[in-house]
């Protein structure tokens, strides 16, 4: 097998318009995780990030370290509470989906959602605030097969973002139309 040529360096311009997907970060403790999520959002061409509560918001030195410049390339707004963010997004026409460790929730892979959509990701120790969870249109979970109950929030964001982008680009609208 021939070794494919590897691209080095960044593109001058993105290869697509932003996808109608928003990530809502509810009280994330680690600015490094937030920076990682900014980098993910840029590479996936997500529409924006909404930070809530004490989640690090640009400009922030620790966030900048892992964002590697993406904090300046991804639109970001801040809400005092996750409920305020969810309410605003719903008023803007977004279908808001909480990603949580709820045993009764459908797996992300089996869930159906319309676009535009927003995914709420919570604090690793505390999860998504109960009142914010109740304000969402639906709840999904990542399936886990080992002993641990959850995945690092940056890794979780990557699974969710790539699944949502893939479905949008395939035209499946999250698995079905609403």
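Data table
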| quantity | calculated |
| --- | --- |
| Residue exposure sequence - 26, 107 - by fewest surrounding Cβ within 10 Å | 107, 26 |
| The chain, relative contact order in percent, only Cα pairs under 8 angstrom and at least six apart counted | 24 percent |
| Inter-centroid distance (Cα atoms) of region 124-172 relative to region 15-69, Å | 15 Å |
| Neighbour-count order for 39, 147, fewest beta carbons within 10 angstrom listed first | 147, 39 |
| Value of [θ]222 nm, deg cm²/dmol, for the chain, DSSP H segments ≥ 4, -39500 (n - 2.57) each, nearest 500 | -9000 deg cm²/dmol |
| Sorted by Cβ density within 10 Å, fewest first, the residues 43, 37, 49 | 43, 49, 37 |
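Only the coordinates and a few stated rules stand behind these numbers; no lab work does. Not measured: the values here are computed from a predicted model. Ideal geometry is used to build each Cβ from the backbone, glycine not excepted, and the neighbour counts take in all protein chains shown.
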